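Engineer: Sharing a structure, written as structure tokens. Questions coming.
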Amino acid sequence: TLKGATACDHAQMLFNGFPELDTNGSAYISSIQFGQIEVVTRANAWFGIEAGRKVTLTVLSVNTTGATLQNAGVSESDPALVAEVAGDIARALFAPRNRATTKQLMQSLKKP
């Protein structure tokens with residue numbers, strides 16, 4: 001923990017500092033944020049993960065508006081709505097107003 005904060009509190013603080021894309025005009029997306037967090041693994045025999053390994057975790061967070069998509073009835077049987085949401089994400093990523101932020105996202109995904 002950091003100054004009495006839980007690991008969850010610390011992660012939330014990091015997430016809150018992530019860059020955010022402008023999603024104005026989106027029917028389904030309220031925000032898209034991304035960033036990286038340096039973490040250390042815990043042992044997990046099921047997945048063959050050793051403890052103490054330093055890992056950079058890249059996070060892309062897409063938040064929907066109003067009711068969640070599940071509450072809106074999205075399922076594998078509703079591909080049209082899933083396609084609309086995917087379209088909203090793509091429009092936000094490639095909107096001219098987000099060019100610098102999307103470039104930053106793409107740079108963060110490149111291996112050092």
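Engineer: Which members of the stretch 6-63 meet the condition of being over 20 Å from S108 (Cβ atoms) and of a type in the set (S, T, N, Q)?
Structural biologist: Scanning the stretch 6-63 gives T6, N24, S26, S30, T41, N44.
Engineer: I've got another one for you. Mind checking which residues of the stretch 17-31 are open to solvent by 80 Å² or more (accessible area, probe 1.4 Å) and within 14 Å of the chain's Cα centre (by Cα)?
Structural biologist: Within the stretch 17-31, E20 is the sole residue that qualifies.
Each row is one residue, and each column tells you yes or no for (1) open to solvent by 60 Å² or more (accessible area, probe 1.4 Å); (2) basic (K, R); (3) within 25 Å of L93 (Cβ to Cβ); (4) at pLDDT below 90.
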residue: A11; (1), (2), (3), (4): no, no, yes, yes
residue: F15; (1), (2), (3), (4): yes, no, yes, yes
residue: Q33; (1), (2), (3), (4): no, no, yes, no
residue: V40; (1), (2), (3), (4): yes, no, no, no
residue: G48; (1), (2), (3), (4): yes, no, no, no
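Engineer: Within the stretch 15-58, track down each residue that is outside any loop (DSSP other than H, G, I, E, B), of a type outside the set (A, V, I, L, M) and touching a residue at least 12 places away in the same chain (Cβ under 8 Å).
Structural biologist: Those that are outside any loop (DSSP other than H, G, I, E, B), of a type outside the set (A, V, I, L, M) and touching a residue at least 12 places away in the same chain (Cβ under 8 Å): F15, E20, S30, S31, Q33, F34, G35, Q36, E38, K54, T56, T58.
The values are calculated or read from the model by the stated rules, or taken from the named source; none is laboratory data. What you see is a predicted model; the values in this text were computed from it and never measured. Positions of Cβ are backbone-derived with ideal geometry, glycine not excepted, and every protein chain shown enters the neighbour counts. The accessibility values were calculated without ligands, DNA or RNA, using every heavy atom of the protein model including side chains. Shrake-Rupley method; radii C 1.70, N 1.55, O 1.52, S 1.80 Å.
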